[in-house]
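Trainee: Supplied in structure tokens, the structure appears directly below.
The values are calculated or read from the model by the stated rules, or taken from the named source; none is laboratory data. Bear in mind that the values here come from a model prediction, so they are computed numbers and not experimental data. Methodologically, a virtual Cβ is constructed for each residue, glycine included, from the backbone with ideal geometry; neighbour enumeration extends over all protein chains shown. Heads up: the accessible areas ignore ligands, DNA and RNA and are worked out on the full protein's heavy atoms, side chains in. Shrake-Rupley method; radii C 1.70, N 1.55, O 1.52, S 1.80 Å.
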Amino acid sequence: MQIVRTISDLACLHESALVPTMGALHEGHRSLVRAAVASGRPAVVSIFVNPAQFAPGEDLDAYPRTLERDLDLCRDDGAAAVFAPEVDTVYPGDASVQTPPLPAVAASPGLEDACRPHFFQGVCRVVARLFDLVRPAEAFFGEKDWQQLRVVTEMVAAHQDRWPSLTITAHPTVREPDGLAMSSRNVYLSPSSRDRALALHRALSRASEGEPAMRRTLDAAGLTTDYAVIRDAETLLAPTADRPQRALVAASLDGTRLIDNAAVP
Ligand code: AMP
């Protein structure tokens, strides 16, 4: 497995299957890596804690960094390369590095876009840059970050001239046996807050009872809810009966903010 740190070493990895991550890999990430390997293209895992998607006061410095272990996992899963660039490589301060305008799904729903106003600007900036540098044929994203998945899908669809024939492939959320969605941020949870965090999954399982039932479930566990909503699965705007719907929740407990989502049956 190649460990790539510079742009020039990426040249032989074009037309790959890319899995963008911020590292601290868990089974959710690994399911994407294995899917990328199974695509038959060389699988490239990018590991980059993207400062542009953290606001001042968020957990950029505390974010878990476990590069040596991550490299072992990628090797075990059959990745062809890990791209682990420095911040200056991704953001050279060059005006020619352009972030495309945000799609509507990054600004209109009032979900992550409202709670973390800087976030999708940072996500689109890094994802666009990674696509430009790596030039993959396919890129894999988790359903765990549903709005992000929709944002990246729409961004690529709107810029087919920039990334012709790039396919975005989604993979289902990988959960702990008790239902907690795997997340690099779960390491912040104490044993008692980890138990309470299960309320996110319980709230989603009550989506067919409506938004108030979802919110009550989070409140009863003492979580601070940012949103507990049912939306159109594509636009993330108000749902209509004839189109697929998605339940989405975001809540904090003991200083850790978690998100989760599920299809509404
Ligand atoms: P992150 O390292 O948190 O930026 O996530 C990198 C990729 O892994 C994103 O596409 C996430 O949606 C995906 N991911 C994170 N957690 C999970 C999970 N539990 N199941 C599936 N995909 C996940």
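Trainee: Take the conditions modelled with pLDDT of 95 or more, closer than 29 Å to ASP61 by Cβ and in the same structural domain as ARG65 (by TED's automatic domain parsing) and apply them to VAL152. Does it pass?
Mentor: yes
Trainee: I would also like to ask the following. With the requirement that a residue be outside any loop (DSSP other than H, G, I, E, B), buried (at least 21 other Cβ atoms within 10 Å of the Cβ) and within 12 Å of the ligand (Cβ to nearest atom), what does the range 1-27 give you?
Mentor: Selection gives LEU18, VAL19, PRO20, THR21.
Trainee: OK, next. Residues that are among the β-branched types (Val, Ile, Thr) and open to solvent by 20 Å² or more (accessible area, probe 1.4 Å): which helices (runs of 4 or more DSSP H) entirely in the range 100-172 hold 1 or more of them?
Mentor: Correct list: 146-158.
Trainee: Any idea which residue in the range 39-53 is nearest to the ligand (Cβ to nearest atom), counting only those that are out of contact with any helix residue (DSSP H, G or I) (no Cβ under 7 Å at 6 or more places or on another chain) and over 20 Å from ASP72 (Cβ atoms)?
Mentor: Looking at residues that are out of contact with any helix residue (DSSP H, G or I) (no Cβ under 7 Å at 6 or more places or on another chain) and over 20 Å from ASP72 (Cβ atoms), I get SER39.
Trainee: Further, regarding this structure: Name the single residue, out of those in the range 223-260 being part of a strand (DSSP E or B) and of a type in the set (Ser, Thr, Tyr), that is farthest from GLU209 (Cα to Cα).
Mentor: THR256
Trainee: If you don't mind, another one. Hey, can you tell me all the residues within the range 132-152 that are within 22 Å of ARG30 (Cβ to Cβ) and either more than 15 Å from the ligand (Cβ to nearest atom) or within 15 Å of the chain's Cα centre (by Cα) (or both)?
Mentor: ALA137, ALA139, PHE140, PHE141, GLY142, GLU143, LYS144, ASP145, TRP146, GLN148, LEU149, VAL152
Trainee: So, of the residues in the range 70-88 that are open to solvent by 20 Å² or more (accessible area, probe 1.4 Å) and either modelled with pLDDT under 95 or under 17 Å from ARG5 (Cα atoms) (or both), which turns out to be farthest from the ligand (Cβ to nearest atom)?
Mentor: Per the stated criteria, the residue is ASP88.
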